[in-house]
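The values are calculated or read from the model by the stated rules, or taken from the named source; none is laboratory data. Fair warning: this is a prediction, and the values are worked out from it, not measured in the lab. Glycine gets a Cβ as well: all are built from the backbone with ideal geometry, and neighbour counts include every protein chain shown. Just so you know, the surface numbers come from the protein's heavy atoms only, side chains and all, with ligands and any DNA or RNA stripped out. Shrake-Rupley method; radii C 1.70, N 1.55, O 1.52, S 1.80 Å.
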Amino acid sequence: QVHITDGFQFLKDAPEGTYDAVIVDSSDPVGPAAVLFQRPFYEAVHRALRPGGVMCTQGESLWLHLDIIKEVAAECRKVFEGGVVRYAFTTIPTYPSGQIGFMLCSKAGEGEDAAVDFSPRQPPPSGRPDLPSLRYYNAEVHRASFVLPQFAKEALADHLTG
C-alpha cells in the first residue's frame with residue numbers, strides 16, 4: 001500500500017509494534033523536514049517498531065554536518081536505549097562532498113532479535129534472471145560502510161552503540 005500523507009503523523013497514529021523496519025528517505029534537516037531529525041520523531045518510530053525492529057534514516061555528511069550527526073546519534077541513543085545505534089556512510093558522487101550517511105537504529109528485542117548488528121545476513125542475489133547484477137554493492141562494501149574515519153569515530157564514540 002502507498003500512503004501519501006504526513007509520515008510523522010502516520011507513525012504517531014500507527015499501533016505500537018506495527019513495523020519490522022522504518023526507512024526514512026528525507027531531505028536535509030531544514031524547513032518541513034526538520035522534525036524528522038528530532039527526538040519526537042524518533043520516539044514515534046521507536047513506538048511503531050516491533051521489538052528488534054530497525055530504523056534507517058538519512059544521516060547527512062561526515063564532512064559537512066558532523067555536529068548534526070552527533071545530535072541525531074545522541075537523541076537516537078536515548079530513544080533506542082537497549083538497542084543498537086550505528087552510523088554508516090557511502091559514496092554518492094552527486095551529493096555535496098560525495099558522501100552521505102545513514103543512522104541505523106534497532107529497538108531492543110528478545111531472543112534472535114536481541115542484538116541487531118546490521119551485518120549483511122546473506123550475499124547479494126546473483127545469477128537470478130529476474131534481478132540485474134549489482135555493480136556497486138557487495139558484503140565487503142556493506143561492512144566497510146560502518147568503518148568511520150578517525151575524526152568521526154572520536155566525535156561519535158559516546159553516541160553510538162553496538
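For beta carbons closer than 7 Å, sequence separation of 6+ or different chains, a first residue in segment 58-83 that is acidic (Asp, Glu) and a second that is crowded, with 20+ Cβ neighbours inside 10 Å, the qualifying pairs are 60/69; 60/101; 75/42. Once segment 43-91 is narrowed to residues that are open to solvent by 50 Å² or more (accessible area, probe 1.4 Å) and of a type in the set (Val, Ile, Thr), the residue that is farthest from residue 10 (Cα to Cα) is 91.
Just a yes or no: is a residue in segment 83-100 under 23 Å from residue 16 (Cβ atoms), touching a strand residue (DSSP E or B) at 6+ places or on another chain (Cβ under 9 Å) and modelled with pLDDT under 95? There is at least one residue in segment 83-100 that is under 23 Å from residue 16 (Cβ atoms), touching a strand residue (DSSP E or B) at 6+ places or on another chain (Cβ under 9 Å) and modelled with pLDDT under 95. Across segment 92-113, the qualifying residues are those that are touching a Phe, Trp or Tyr at 6+ places or on another chain (Cβ under 7 Å) and outside any strand (DSSP E or B), and the one among them that is surrounded by the fewest Cβ atoms within 10 Å (Cβ to Cβ) is 97. Of the candidates 126, 145, 133, the single residue that is farther than 23 Å from residue 43 by Cα and in contact with a Phe, Trp or Tyr (Cβ under 7 Å, 6 or more places away or on another chain) is 145.
Of all residues in segment 6-27, those satisfying the criterion of being open to solvent by 90 Å² or more (accessible area, probe 1.4 Å) and under 14 Å from the mean Cα position of the chain (by Cα) are 20, 23, 25. Examine segment 114-123 for a residue that is open to solvent by 60 Å² or more (accessible area, probe 1.4 Å), among the small types (Gly, Ala, Ser), on the phi > 0 side of the Ramachandran plot and free of Cβ contacts under 8 Å to residues at least 60 places away in the same chain, and state whether such a residue exists. Scanning segment 114-123 turns up no residue that is open to solvent by 60 Å² or more (accessible area, probe 1.4 Å), among the small types (Gly, Ala, Ser), on the phi > 0 side of the Ramachandran plot and free of Cβ contacts under 8 Å to residues at least 60 places away in the same chain. Checking each residue in segment 142-153 for being of a type outside the set (D, E, K, R), out of contact with any Ser or Thr (no Cβ under 8 Å at 6 or more places or on another chain) and part of a helix (DSSP H, G or I) picks out 144, 150, 151, 152.
Only one of the listed residues (29, 51) is more than 22 Å from residue 147 (Cβ to Cβ), modelled with pLDDT under 95 and touching a Phe, Trp or Tyr at 6+ places or on another chain (Cβ under 8 Å). That residue is 29.
Does segment 128-141 contain any residue that is surrounded by 13 or more Cβ atoms within 10 Å (Cβ to Cβ) and either among the hydrophobic types (A, V, I, L, M, F, W, C) or in contact with a His (Cβ under 6 Å, 6 or more places away or on another chain) (or both)? Among the residues of segment 128-141, at least one is surrounded by 13 or more Cβ atoms within 10 Å (Cβ to Cβ) and either among the hydrophobic types (A, V, I, L, M, F, W, C) or in contact with a His (Cβ under 6 Å, 6 or more places away or on another chain) (or both), which makes the answer yes.
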